Amino acid sequence: MLDRNFMMDRVYKQLAIDYNCSPEDFLKAGLIFTEATQQEGRIPWPWRSPRVEMIAMGNSAVINASSDVMPYVRQQFIGMTRDEVFYVPFFYRMGQYFLPDISKITPLPKPDGFTYEMLEKNDIAQLYPLKGFINAMHNHPCPVELAVLAKYNDMIVGIAGAGADCEMMRMIGVDVLPPYRRKGIAAAIVNMLTLEILNRGYIPYYGAEGDNLASLHVAVSAGYIPAWIHCRRTKLDYIGMSGKLKLIHQILKTR
């Protein structure tokens, strides 16, 4: 199993590619502004333009913006500290991301009355037509390559799936059908999948919207700890393209 120092080194390097900064920036304090570019090796999430996103780890916050709106973005945060940027209306819809607590994570007891099965990439295509598993099966930038199923009387009631987002990191998504929730199934299959990914030498990670308490609880119960916050929506998303162009024009006139 990976050790924490190796895991964090690879995570810093991957996020530095995604946000066009240096790995050391995540260990600094304050606000760091970087230009948004689609660098080779980035996690291939859909690209919006203009792009404004923020990722916060430790005492720093990296604000990543397209060059055409960067002057406007910088203006929004003049004089602010790292902590203050979370309380302004410019960013919204914050996601919490988790990494496994490698020093403490152990196999969870699995709820009784269910059977569990692990599927490899070649056997996963059969799962895509199933209804009710959008997070486990469709919420990754890359196809699911490893999945854990929970079954009740041979019916699939829960799936945890992981896709190869990049060279070293594997994002986990999970769904349990409504009649079978609150039984510990989600945490159990996420935990099972997490340990298998670690045993294969990769880094699993888990994401949840900040207001999704059930998903946040799953992460903690499965053996994860908070690692970073990702803000991917801003008030620019409310402005139509013509409005964005006018805004950019106004910014450039004042420079």
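Every number here is computed from the coordinates shown, using simple stated rules; none is lab data. Keep in mind that what you see is a predicted model, and the values were worked out from it rather than measured. Positions of Cβ are backbone-derived with ideal geometry, glycine not excepted, and every protein chain shown enters the neighbour counts.
Summary table
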| item | result |
| --- | --- |
| Relative contact order (%) - the chain, alpha-carbon pairs under 8 angstrom, separation at least six | 23 |
| Order of Y87, Y19, Y116 under a 10 Å beta carbon neighbour criterion, fewest first | Y87, Y116, Y19 |
| Least to most buried among F133, F6 (fewest other Cβ within 10 Å first) | F6, F133 |
| Spatially close lysines, pair count over the chain: Cα under 26 Å, gap of eight or more or interchain | 16 |
| Read-out Rg and Dmax of the Cα atoms in Å, derived from the coordinates shown; its label in (i) 17.4, 52; (ii) 23.6, 79; (iii) 19.8, 67 | (iii) |
| Length-normalised contact order of segment 5-100 in % [C-alpha pairs under 8 Å, at least 6 apart] | 25 |
| In sequence order, calculated HN-Hα J values of segment 121-131 (Karplus, 6.51, -1.76, 1.60; Hz; x Gly/Pro) | 3, 5, 9, 8, 4, 5, 7, 4, x, 5, 8 |
| Computed [θ] at 222 nm, deg cm²/dmol, the chain (DSSP H ≥ 4; -39,500 (n - 2.57); rounded to nearest 500) | -7500 deg cm²/dmol |
| Student exercise, segment 56-152 dipole from Lys, Arg, Asp, Glu Cβ charges, in Debye to nearest 20 | 140 |
| Shape call, segment 1-58: gyration tensor on alpha carbons, a/c limit 1.5 | oblate |
| Relative packing of 164-170, 73-79, 46-52, which averages over residues the other C-beta atoms within 10 Å, highest first | 164-170, 46-52, 73-79 |
| Which of H230, H138 has the fewest Cβ neighbours within 10 Å, and the rest in rising order | H138, H230 |
| Unit charges on C-beta of K, R, D, E only; dipole of the chain, Debye | 780 |
| Relative contact order for segment 112-203, counting Cα pairs under 8 Å that sit 6 or more residues apart, in percent | 26 |
| Residue of K131, K151, K121 that the Gaussian network model of the chain assigns the largest fluctuation, springs spanning Cα pairs under 10 Å | K131 |
